[in-house]
Every structure is written in C-alpha cells, then in structure tokens.
Amino acid sequence: MRHIAFGFINNCLFVCVYADRAIREAIGMTQVKFAAAYEFCVRTVQEWERGAKRPSGPARTLLRAIKGDPEGLRKALAAA
C-alpha cells in the first residue's frame, strides 16, 4: 500500500511517499518473515500496510536500505 504524508517545515511543503508493502512483496516475503528478518514487530508491519500507522524516521530509513539491498542488510543484521 502506498502512503502519502505531507506537512510544512519553515514554510516549505514536504511530501513523503513510501511503499512499505511493495518493498516486502518485491523481495517475496510474508509479513512474518519480513518482520523477523529486519527486526520489526509483525503488528507494526501490519499497521503500516493497512495505513493505521506510518513508519517513523528511522524505520523509513531502514525501509529505504531494505529496498536498496535487502540481502546485504539481512546479512548485516544477522551478523550483529
């Protein structure tokens, strides 16, 4: 599901578009596997995807990293 958030900072409009479900589906994972692989709560992933909640700044950064290199990030998290 694609979400769009907008607001103003110093009189400038900003728009944030993120597609968390698309990222998960692109790497072929269920919500449960995605949450486990990237250390999210399953409920959090579910809430993002149905639009009940929006990822925080750090979570959006992590989602961008997952989109860029899902396997590399999964390995890095597993090794930590």
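All of the numbers you see were taken from the coordinates with simple rules; none came from a lab. What you see is a predicted model, and the numbers here were worked out from it, not measured in a lab. Heads up, the Cβs are rebuilt from the backbone with ideal geometry, glycines too, and the neighbour counts pull from every protein chain shown.
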> What GluC sites (Glu not before Pro) does region 37-80 have in DSSP loop regions with at most 16 other beta carbons within 10 Å?
Replying inline: Glu39
> Want the number for Thr61 to Glu47: 0.36 nm per residue separation, take away the alpha-carbon distance, what's left?
Replying inline: 3.3 nm
> Can you list the residues of region 40-61 with backbone N under 13 Å from a point 7 Å past the Cα of Leu73, pointing along Cα to Cβ?
Replying inline: 40, 55-61
